[in-house]
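To start, the structure under review is shown below, and the notes come after it.
The values are calculated or read from the model by the stated rules, or taken from the named source; none is laboratory data. No experiment lies behind these values; they were computed from the predicted model shown. Cβ atoms come from the backbone with ideal geometry, glycine included; neighbour counts cover every protein chain shown. For accessibility, only protein heavy atoms count, side chains too; no ligands or nucleic acids. Shrake-Rupley method; radii C 1.70, N 1.55, O 1.52, S 1.80 Å.
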Amino acid sequence: MADPRNDPLPDHVTTPLLTLITEHSLDDDYRQVAERRGAPGDAPNGRPAWIAASVVAVFGILVATAAVQTSRNADTADAGRATLIARVQDERSALAQQQAAIAALQRANIGLEDSRSQVGADQRETNALLRRLQVATGYTSVTGPGVRIVVDDAPGGDATQVVRDEDLALLVDGLWSAGAEGISINDQRLTALSAIRNVGPAVHVNSRPVNPPYTVQAIGDTLTLQADLLDTTHGQQFFDLADDLGFEYTMQNENSLTLPAAPGPRLRHVEAGNGEGSQLEEGARP
């Protein structure tokens, strides 16, 4: 018995689908045309010609419609492409403007940073200058090495052998000349406005009474301050006077001395806005 698997395949299996559809469609059309030609009462070549003309016309219409649609689609595509190109150009222009603005802001920021650095440097320099002025004028407390000198009246002496304001003034002037950076007497800080004067038998510093023994502290170079004091005119006068009158005194270097800040200056006279002055008592505040 023959094996059915070895039989050749039918045409509708091996023939490509598109070819099969086309051939069968044409065969059916030819068969219908032949049948119509053989039918009684049909015109020999009338309807087939009319049908062909109609097919050609419809085909032409379809071609024309497709052409028009293609043209419209092309126009639409061109318009869309032009729009996209314009938007891209606009975005590039906006991006360029933003980049320019960013660059300007960066330059401004660099300028501000430089200004801030300069302001910081100026502030540090100003603070350092203020500190030096405060130290020199006595309106801030200071700590540092220096010399402590203790002076007392002559033991058992008479009224001429007590330490007076001018004696302390000689010692203070000698210390300033020797390079002292700050001086105090019995914790009263001396400034350019400080006064050392006798009020009766008592010595007043910064208008406040101080009692013996008088402790004079001077911040400065401990290696040279004592020697330089002895070389100054005022220093020599003080120590000569102390030896003559029998004052007791000691002088020694200290690794750390602390001088308090001087009291603030007191107003003594105020000018009104219209130029008229008004007197205030010493120490009073407006």
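Structure values in brief
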read-out	value
Accessible area (Å², 1.4 Å probe, nearest 10) - Ile61	110 Å²
Per principal axis, descending, Cα span of segment 190-271 in whole Å	47, 31, 23
Order of exposure, largest accessible area first, which applies to Thr233, Thr191 with probe 1.4 Å	Thr233, Thr191
Candidate residues Glu91, Glu113: accessible-area rank, largest first, probe 1.4 Å	Glu91, Glu113
Percent accessible area from carbon and sulfur atoms, segment 147-189, protein chains only, probe 1.4 Å	45 percent
Inter-label distance, nm, simple model (7 Å from Cα along the C-beta direction), Glu254/Thr143	1.3 nm
Virtual spin-label span in nm between Asp90 and Gln123, 7 Å along Cα→Cβ	4.7 nm
Pairwise FRET efficiency - Asp243 versus Ala169, Cβ, R0 = 22 Å, nearest 0.05	0.80
Tyr249 accessible area, 1.4 Å probe, all protein chains in place, Å² to nearest 10	80 Å²
